[in-house]
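Enquirer: One structure follows; several queries about it will come next.
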Amino acid sequence: MTKKIDIILDKKDFLKRLDIKNGVDGKPGIQGKDGEKGSDGKDGEQGSPDTPEEIVSKIETLEGEARLDAKAVKNLPEFIKESKANFGFVLRDITAGNNITIDKTDPNRPIISSSGGSLTVNETPAGLVNGTNKVFTTLTPFTTGKTMLYLNGMRQKLGAGNDYTETGASEITFISTPQTGDELIIDYS
């Protein structure tokens, strides 16, 4: 003969047994100096209370070491590599017009020249990318303020308090040290 038994649990006890947080009861307080438990804490919210726009705004205000690394964004490094491959293909196929020449001796470092000067693009600056070195040099001198430096495909900001400074006629210095495996590209005139 089977007997039916009703088990009655109050809501708080039921949630506690399932380890479900109800947004009110937190973890029990720790023992105080008098031996009594402190009051219960309050549960946090699920995820960030910020809107996507607020998150973007907060990320954009970060500077120096606090800035978000491209590796932290899902699929971004692969997207950058793919984009660079496509950009490199387009760049190798451009043709010169009036008073413009393109030296494609090294397809990864074409030099575009005109009667107004020259532009070097996609140059890998010289220097060890080893997590310690911050100073890198270009093959030829650049005009102050006319550099565009990329770290892992992301354009860096020039100037003190930003990502890098121009510390010589052909020398740039990062504020934060590039890490082993990072890729550096510089365009300059």
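Each reported figure results from applying straightforward, stated rules to the coordinates on display, with no laboratory input. What you see is a predicted model; the values in this text were computed from it and never measured. No Cβ is skipped: glycine too gets one built from the backbone with ideal geometry, and neighbour counts run over all protein chains shown.
Enquirer: For the stretch 118-139, give me each residue that is under 22 Å from the mean Cα position of the chain (by Cα) and farther than 11 Å from Ile186 by Cα.
Expert: Correct list: Gly127, Leu128, Val129, Asn130, Gly131, Thr132, Asn133, Lys134, Val135.
Enquirer: While we're looking at this one, here's another question. From the residues in the stretch 155-168 that are in a loop (DSSP other than H, G, I, E, B) and in contact with a Ser or Thr (Cβ under 8 Å, 6 or more places away or on another chain), which one is nearest to Thr132 (Cα to Cα)?
Expert: Asp163
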